[in-house]
Amino acid sequence: MKLTSYWLDTSEPFRSATPGPVQGTCDVAVIGGGLTGSSAALALAKKGARVVLLEAETIGHAASGRNGGMCNNGFAQDYGTLSTRLGKEVADRLYRAFDAGVDTVERLVAEELIDCSFARTGKIKLAAKPEHYDKLARSQELLAANVDPDTTMVSRADLANEVGSERYYGGLIYPKSAGMHVGRFVRGLAEAAARRGVQIHEHTPLMGLRPIADGGHEIETPKGRLRASQVLLASGISHAGPLGWIRRRVVPVGAFLIVTEPLPIATLDRLLPRRRMAVDTKNLVNYFRTTPDNRLLFGGRARFAISNPTSDEKSGAILQAALHDVFPELRAVRIDYCWGGMVDMTRDRLPRAGERNGIYYSMGYSGHGTQMSTLMGTIMAEVMDGRTELNPWKDFAWPAIPGHLGPPWFLPLVGAYYRIKDRFQ
């Protein structure tokens, strides 16, 4: 079993990194080489900007290369609850932004000829308890009436046509959702940006950032200093650099995944006959899907803990037990990959993007990352060009999380709280 991301291990490494020191001037410096940074750099270069992208590790190394490869529309939260809290008009606008995120991924895959197995197979949200099915049905009724008439419900009696498991009580289908090989996608975006002249420096963390008297910012890295007219932070909760303001507003939560050995087509036809992206309704969520080479990926919030090799392996054992609970016929199947990554959670589990003190940012995707990060990279290129009205998160305040100064000391307490909720709700 490899303790590494399946997506990164089965995609070609990024080969167009810029050698040599970081120096000179540019129009835009992008901090972070994940989906937000790579899509933003590509969009900015298409607009004629001179762009330098700085990545602390390698392209796609963090959350962008460590997720489930799901490109889902819809909210992780209940649509009806968000409509009540935010107002119907705002909730509908944000919902359509997630639709646009999936469309943006599909467009970029086609335009840049990225071989990443993108396919709109749809998503099914599975009711973990009978009462969860009733809540999903109410949500689907609202969705169909207001913003997504393509959604449908599947009863427990008909669920075998979607998922070969006795564990669930029906589900809600979002047909616009998609899956892809996210390692090939993020590296393909970066290669496309490099082809358009973006300088991409890997292993180049941000160490210092200060405004310049005559405009712009000076960026300090271990490889040298760079002057940029504009700066976009697309780094998430990176532990490198002077990003304390952001670290007080984002909680890094571990997400863990396992991937099986390749499975017979007949087995996959029983387990996921329509090859949907699947996610359940628990607070300590599980999700699963097939991979392009016929494996089963199974992930979730196995433990509220930071990802590291020891933590990943412990979480992998929990996920394997959950996999066997959902699909008992896989008890003898070998697990080939186990890894973890960090999800950037905001307090309300909604992304944030905007500008502060002359620095632009987009992050805090809270489990919506693949499609929303790609969309926001392209949108931030427009926002930095003066079109701030295009930012769907422009009116969202972003206060610090009380008691959170960076290290998430409270994660075990949060995990215990959600385990209790899953037991009794």
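The values are calculated or read from the model by the stated rules, or taken from the named source; none is laboratory data. None of these values were measured; they are calculated from a predicted model. Every residue, glycine as well, gets a Cβ built from its backbone with ideal geometry; the counts of neighbours run over all protein chains shown.
Quick check on my filter: what residues within region 78-94 are in contact (Cβ under 8 Å) with a residue 40 or more places away in the chain and in a loop (DSSP other than H, G, I, E, B)? The answer is D78, and nothing else. Could you go through region 41-59 and let me know if any residue there is closer than 19 Å to K176 by Cα and in a helix (DSSP H, G or I). No, region 41-59 has no match at all. Restricted to region 231-326, the set of helices (runs of 4 or more DSSP H) holding at least 2 residues that are at pLDDT below 95 and either among the acidic types (D, E) or in contact with a Leu (Cβ under 8 Å, 6 or more places away or on another chain) (or both) comprises 244-247, 309-326. Here D344 meets the list (1) crowded, with 23+ Cβ neighbours inside 10 Å; (2) modelled with pLDDT of 90 or more almost entirely, failing just condition (2).
Cβ-Cβ distances below 8 Å connect the following pairs, each with a first residue in region 1-13 that is under 17 Å from E313 (Cα atoms) and in contact (Cβ under 8 Å) with a residue 24 or more places away in the chain, a second residue that is part of a loop (DSSP other than H, G, I, E, B) and polar (S, T, N, Q), and a separation of six or more residues or different chains: Y6/T291. Within region 364-372, is even one residue at pLDDT 95 or above and either surrounded by 13 or more Cβ atoms within 10 Å (Cβ to Cβ) or part of a helix (DSSP H, G or I) (or both)? Looking through region 364-372, at least one residue is at pLDDT 95 or above and either surrounded by 13 or more Cβ atoms within 10 Å (Cβ to Cβ) or part of a helix (DSSP H, G or I) (or both). Scanning region 120-138 for residues that are in contact with a strand residue (DSSP E or B) (Cβ under 7 Å, 6 or more places away or on another chain) and in contact (Cβ under 8 Å) with a residue 40 or more places away in the chain turns up R120, T121, G122, K123, I124, K125, L126, A127, A128, L136. Could you grab the pairs with beta carbons closer than 6 Å, sequence gap of 6+ or different chains, first residue in region 330-341 and modelled with pLDDT under 95, second one among the basic types (K, R) and outside any strand (DSSP E or B)? Sorted first by the residue in region 330-341, then by its partner, the pairs are G341/R66. Summed over region 134-148, the residues that are within 13 Å of I173 (Cβ to Cβ) and either of a type in the set (A, V, I, L, M, F, W, C) or touching a helix residue (DSSP H, G or I) at 6+ places or on another chain (Cβ under 8 Å) (or both) give a count of 6. In region 1-31, the qualifying residues are those that are over 24 Å from T378 (Cα atoms) and aliphatic (A, V, I, L, M), and the one that is farthest from the chain's Cα centre (by Cα) is V22. One residue stands out among those in region 313-329 that are in contact with a Lys or Arg (Cβ under 6 Å, 6 or more places away or on another chain) and under 14 Å from V285 (Cα atoms): the one that is surrounded by the fewest Cβ atoms within 10 Å (Cβ to Cβ), which is V326. Among all positions in region 137-157, there is no residue which is surrounded by 15 or more Cβ atoms within 10 Å (Cβ to Cβ), more than 17 Å from the chain's Cα centre (by Cα) and among the basic types (K, R). One residue alone among K125, K176 is basic (K, R), part of a strand (DSSP E or B) and modelled with pLDDT of 95 or more, and that residue is K125. Taken together, the residues in region 373-401 that are part of a loop (DSSP other than H, G, I, E, B) and within 30 Å of N286 (Cβ to Cβ) amount to 5. The C-beta contact set for region 62-77 (first residue more than 16 Å from M342 (Cβ to Cβ), second residue among the hydroxyl-bearing types (S, T, Y), distance under 6 angstrom, 6+ apart or interchain) comprises C71/T370; N72/S177; N73/Y174; N73/S177; G74/Y174.
Selection of region 5-28 for residues being within 29 Å of H181 (Cβ to Cβ) and either loosely packed, with under 15 Cβ neighbours inside 10 Å or among the small types (G, A, S) (or both) yields S5, D9, S11, E12, P13, R15, S16, A17, P19. Could you tell me whether R195 is surrounded by fewer than 22 Cβ atoms within 10 Å (Cβ to Cβ) and under 25 Å from P13 (Cβ atoms)? Here the answer is yes, as R195 does meet what is asked.
Restricting region 376-385 to residues that are farther than 21 Å from G341 by Cα and touching a helix residue (DSSP H, G or I) at 6+ places or on another chain (Cβ under 7 Å) leaves a set whose member that is surrounded by the most Cβ atoms within 10 Å (Cβ to Cβ) is M380. Of the residues V163, V102, only one is in contact (Cβ under 8 Å) with a residue 60 or more places away in the chain, in a helix (DSSP H, G or I), in contact with a strand residue (DSSP E or B) (Cβ under 9 Å, 6 or more places away or on another chain) and surrounded by 22 or more Cβ atoms within 10 Å (Cβ to Cβ); which? Going through V163, V102 in turn, the sole match is V102.
Any residue in region 260-282 that is more than 30 Å from L330 (Cβ to Cβ), among the charged types (D, E, K, R) and surrounded by fewer than 18 Cβ atoms within 10 Å (Cβ to Cβ)? Looking for residues that are more than 30 Å from L330 (Cβ to Cβ), among the charged types (D, E, K, R) and surrounded by fewer than 18 Cβ atoms within 10 Å (Cβ to Cβ), one finds none in region 260-282, hence no. For N73, the conditions (1) part of a loop (DSSP other than H, G, I, E, B); (2) touching a helix residue (DSSP H, G or I) at 6+ places or on another chain (Cβ under 7 Å); (3) surrounded by fewer than 18 Cβ atoms within 10 Å (Cβ to Cβ) are fulfilled apart from (3).
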